[in-house]
1. Let me spell it out: the conditions are (1) modelled with pLDDT of 95 or more; (2) buried (at least 22 other Cβ atoms within 10 Å of the Cβ); (3) out of contact with any strand residue (DSSP E or B) (no Cβ under 9 Å at 6 or more places or on another chain), and residue 80 meets all of them except one. Which number is the exception?
2. Evaluate the stretch 284-295: report whether one residue or more is part of a helix (DSSP H, G or I), in contact with a helix residue (DSSP H, G or I) (Cβ under 6 Å, 6 or more places away or on another chain) and free of Cβ contacts under 8 Å to residues at least 24 places away in the same chain.
3. Can you tell me which of 161, 226 is buried (at least 20 other Cβ atoms within 10 Å of the Cβ) and at positive phi?
4. In the stretch 136-157, which residue that is surrounded by fewer than 18 Cβ atoms within 10 Å (Cβ to Cβ) and in contact with a helix residue (DSSP H, G or I) (Cβ under 8 Å, 6 or more places away or on another chain) is nearest to residue 198 (Cα to Cα)?
5. Give the residues of the stretch 104-124 that are more than 15 Å from residue 261 (Cβ to Cβ) and crowded, with 22+ Cβ neighbours inside 10 Å, sorted by residue number.
6. Return yes when residue 316 is outside the structural domain of residue 128 (by TED's automatic domain parsing), part of a helix (DSSP H, G or I) and touching a residue at least 24 places away in the same chain (Cβ under 8 Å) and no when it is not.
7. Go over the candidates 9, 109, 54, 89 one by one and state the one that is out of contact with any helix residue (DSSP H, G or I) (no Cβ under 6 Å at 6 or more places or on another chain), in the same structural domain as residue 140 (by TED's automatic domain parsing) and either at pLDDT 50 or above or farther than 30 Å from residue 134 by Cα (or both).
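The values are calculated or read from the model by the stated rules, or taken from the named source; none is laboratory data. A quick note: this is a predicted structure, and the numbers were derived from the prediction, not measured. Note that we place each Cβ from the backbone using ideal geometry, even for glycine, and neighbour counts take in every protein chain shown.
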């Protein structure tokens, strides 16, 4: 009997202890859940409120910006136009962009005038008009905007939106080239001197401007100098100099898309890393494949031993680079080299 009682007591105590442990773990789990909701969920809620506050603040700033633009502030109109073109509110609105850019341009804001000219040239948010592009570029150029001065040089050289006038083209290229930033004006001015168009033919002056552009990293100027020394046109033929300039063009770093106002406003119409649009690049006769072409000529000079010792291995390296960039003749030369080996 005593043994039975002791066994029953042990069972009772075990059950009681088990119940206490269950209640303990339930309380612990409840505490952990409370901690989770109070901390993790609390933080998420606080973050959500912070984001809502930031969004409300952004909306408030945008509202103030629009208010200033509507009131006639040209700087705020320019900013608003750029923001519409960049898609700040979630979508790109070129019509809204040209509306506000033109508002600022009409009040004499030089950057707005330059961007308005480019939008008319590319037909972004408005019907393409070369005459309107030239009109706004001229006003901006007269206010000292160097990119607009480059545009006027290009328009006048090719007769886009204005009567062709090579002398005036050289005038505006020179103004743009006097700026310490390289935007392509030096290469065009040098070409005009070499060809005697709009200015007296002057090989020394032309080479001076081309060398300045090349030393500032203009791959087109480097390649042009390479061709001059390779062909022996206007200068004494010099394969070593030709190879040096071809190499500089071939090793030029690919242009990266920046975040400047031009690329923000013009998007895909802008030339990455440059200060103008693709149409302007065509008008200025800029070679979009200049690096690839230079790589081909480097390969050719190593193959033929011009300007350097003949080196088929190096020739193949450069032909491969040009072929990878889409040069079909370079692919053919690679096949020829492999068959010759």
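1. (1)
2. No; the residues of the stretch 284-295 include none that is part of a helix (DSSP H, G or I), in contact with a helix residue (DSSP H, G or I) (Cβ under 6 Å, 6 or more places away or on another chain) and free of Cβ contacts under 8 Å to residues at least 24 places away in the same chain.
3. Details: 226 fails: at positive phi.
The unique qualifying residue is 161.
4. Of the residues in the stretch 136-157, the ones surrounded by fewer than 18 Cβ atoms within 10 Å (Cβ to Cβ) are 142-144.
Restricting the remaining residues to those that are in contact with a helix residue (DSSP H, G or I) (Cβ under 8 Å, 6 or more places away or on another chain) gives 143-144.
Working: 143: 23, 144: 22 Å.
Among them, the one singled out is 144.
5. Taking the stretch 104-124 first, the residues more than 15 Å from residue 261 (Cβ to Cβ) are 106-108, 120-121, 123.
120, 121, listed by residue number.
6. Details: outside the structural domain of residue 128 (by TED's automatic domain parsing): yes; part of a helix (DSSP H, G or I): yes; touching a residue at least 24 places away in the same chain (Cβ under 8 Å): no.
When the stated conditions are applied, residue 316 does not pass them.
7. 89
Residue-by-condition table, conditions (1) over 30 Å from residue 81 (Cα atoms); (2) buried (at least 19 other Cβ atoms within 10 Å of the Cβ); (3) modelled with pLDDT of 95 or more:
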site: 243; (1), (2), (3): yes, yes, yes
site: 255; (1), (2), (3): no, no, no
site: 294; (1), (2), (3): yes, yes, yes
site: 298; (1), (2), (3): yes, yes, yes
site: 303; (1), (2), (3): yes, yes, yes
site: 328; (1), (2), (3): yes, no, yes
site: 340; (1), (2), (3): yes, no, no
